[in-house]
Amino acid sequence: MQFDWKPLPAVHHEWRRPLRWLHGALALTISLQMFTSLIMSPPFHHHTSAFGLAVFSLHQYLGLIAAAVVMLHWLWMPFDRQRLFSHLFPWGEEGRRDIVDDLRTLARWRFPASDDRGGLAGLVHGLGLLAATGAGLTGVLLYLLAGSNPAPALLFYLVVQLHSLCGNLIWGYLAGHVLLAVVHHLIGQPTLKRMFSL
């Protein structure tokens, strides 16, 4: 069966500028966090280096900024007039119907329409925001626990594991998100241009 690269007709919309700024800040801070996580050396690891410890400190402070950006994203939702919450979390009856329609469209080897409804794309974006929120909350908690003397060992261990799990979910999300954004761009849906035209 041949894949039909031609997308369904799109209803083009323009995300509001504050949301585009938030999205850009979120993409930048999360990407930097994921990159620094690859080369840092936390002080509680057995093999550390001066460079790794310096990157770990950078990771901590960037993490606080990323957590603040995530929080701003959540705070913006009640003021957004484009139904951002229902776009990211299409769990109502209409949203679930849109997700099923998108899955049926994909089963016919077609891309779903790129429009302002949530659907499958909105659901994936919402799950990505939840993963980023989990990473931000656990990262802030780790920062606070590291400052306490002594930090509760079991609690610290559990939070580290949760933070690592959220990080792994974000890696998967980033890989799929970037790949599909490029595919959408290549088939003529200007998703990147609409989101990053600050």
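The values are calculated or read from the model by the stated rules, or taken from the named source; none is laboratory data. Every value quoted in this text rests on a predicted model; they were computed, and no experiment measured them. Every residue, glycine as well, gets a Cβ built from its backbone with ideal geometry; the counts of neighbours run over all protein chains shown.
Select from the range 75-91 the residues that are part of a helix (DSSP H, G or I) and either β-branched (Val, Ile, Thr) or in contact (Cβ under 8 Å) with a residue 40 or more places away in the chain (or both) and list them in ascending order. Passing the criteria: Trp76, Leu84, Leu88. Residues in the range 21-60 that are among the polar types (S, T, N, Q), surrounded by 15 or more Cβ atoms within 10 Å (Cβ to Cβ) and more than 15 Å from the chain's Cα centre (by Cα): Thr36, Ser37, Ser41, Gln60. For first residues located in the range 96-113 and exposed (fewer than 14 other Cβ atoms within 10 Å of the Cβ), partners that are charged (D, E, K, R) and lie 6+ apart or on another chain with Cβ distances below 7 Å form the pairs Trp109/Asp4.
The set of residues in the range 120-159 that are in contact (Cβ under 8 Å) with a residue 24 or more places away in the chain and either of a type in the set (Ser, Thr, Tyr) or touching a Lys or Arg at 6+ places or on another chain (Cβ under 9 Å) (or both) comprises Thr133, Thr138, Tyr143. Within the range 27-74, the residues that satisfy the criterion of being farther than 23 Å from Thr133 by Cα and part of a helix (DSSP H, G or I) are Ala50, Phe51, Gly52, Leu53, Ala54.
Applying the condition of being assigned to a loop (DSSP other than H, G, I, E, B) and among the basic types (Lys, Arg) to the range 92-111 and asking which residue is modelled with the lowest pLDDT yields Arg110.
Look at the range 174-198: where a residue is under 19 Å from Gly126 (Cα atoms) and a partner is acidic (Asp, Glu) and at pLDDT below 75, sitting 6+ places away or on another chain with Cβ atoms under 9 Å, you get Arg194/Glu14. Within the range 174-183, is even one residue assigned to a helix (DSSP H, G or I), at pLDDT 80 or above, over 30 Å from Arg110 (Cα atoms) and among the aliphatic types (A, V, I, L, M)? Among the residues of the range 174-183, not one is assigned to a helix (DSSP H, G or I), at pLDDT 80 or above, over 30 Å from Arg110 (Cα atoms) and among the aliphatic types (A, V, I, L, M), which makes the answer no. Checking the condition crowded, with 17+ Cβ neighbours inside 10 Å and either in a helix (DSSP H, G or I) or among the basic types (Lys, Arg) (or both), which residue from Val140, Val160 passes? Exactly one residue qualifies, and that residue is Val140.
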